[in-house]
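Asker: Here it is: the structure, laid out below.
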Amino acid sequence: MIQFIADRYLAQKLKKVRRKVGVMNFSVAKSALLVYDASNGSVEKEVRHYARFLKEEGIKTDTLGFYKLKGKKDKRPEDELGYVYYDKRCLNAFGFPKDSRLLKRIAKEYNLMIDLNVESIFSLKVISTLSNSNFKIGRAKGYQNQICDFTISTENNKLDYFLGQVTTYLKMINK
């Protein structure tokens, strides 16, 4: 029941989102937002590697990583320059961000937003859906088919392969 209400609320909030939609490639894009599950160490490593790659391409990159706490003594990683982490305590009862760090990133206009959410974490869905980014990219499955401007379908579920495909297609796009 709560999930139904949260989905309806998200649909209402989506109607109010006003973003400037446009196709971007690596030569045009100046900023990017990577949205992902930071709970997995290998995913974190891949995202950091890709963020470094984007920065080398001249794209200012920010990340938003959801960290699922594994116990009462577990703590999410500390924020760093360009890397913001959040956990359940930064969300309201319905899974919507209430932390100002998250709300600022959602409202900021990025040229690219890449949704790396594999396990359909609701708060990452909310962030991707409400993001003010110009060009949203994600996997061709689940909610990403509805909210992303560009989806990539792959049989290979490995993150590094997906990011390679994103790079390939963003370099192919002509402006």
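No lab work stands behind these numbers, since they all come straight from the coordinates. Just so it is clear, the model here is predicted, and its values are computed rather than measured. Every residue, glycine among them, receives a Cβ derived from its backbone with ideal geometry; neighbour counts consider all protein chains shown.
Asker: For a quick check: sort THR168, THR129, THR154, THR63 by the number of other beta carbons within 10 angstrom, fewest at the front.
Answerer: Ordered by Cβ neighbours within 10 Å, fewest first: THR168, THR154, THR129, THR63.
Asker: Express in whole angstrom the spacing between the alpha-carbon centres of the range 77-103 and the range 133-173.
Answerer: Cα centroid to Cα centroid, the span is 24 Å.
Asker: Translational D (Stokes-Einstein, µm²/s) of the range 121-175 at 37 °C and 0.692 mPa s when Rh comes from the Kirkwood sum over C-alpha pairs?
Answerer: Answer, rounded: 273 µm²/s.
Asker: Using Cβ contacts closer than 10 Å as the measure, can you line up VAL28, VAL126 from fewest to most?
Answerer: VAL28, VAL126
Asker: How much FRET efficiency would the formula 1/(1 + (r/R0)^6) give for ASP149 and SER100, where r is the Cβ-Cβ distance and R0 is 30 Å, rounded to 0.05?
Answerer: 0.65
Asker: So, one more: Which one of ASP149, ASP87, ASP99 has the biggest mean-square fluctuation once the chain is modelled by GNM with Cα springs under 10 Å?
Answerer: Between ASP149, ASP87, ASP99, it is ASP99 that shows the largest mean-square fluctuation.
Asker: Which of VAL47, VAL23, VAL35 moves the most in a Gaussian network model of the chain with Cα springs under 10 Å?
Answerer: Judging by the Gaussian network model, the answer is VAL23.
Asker: Oh, and also: Report Rg(Cα)/(2.2 N^0.38 Å) for the chain, keeping two decimals.
Answerer: Taking the Cα Rg and dividing by 2.2 N^0.38 Å, one obtains 0.98.
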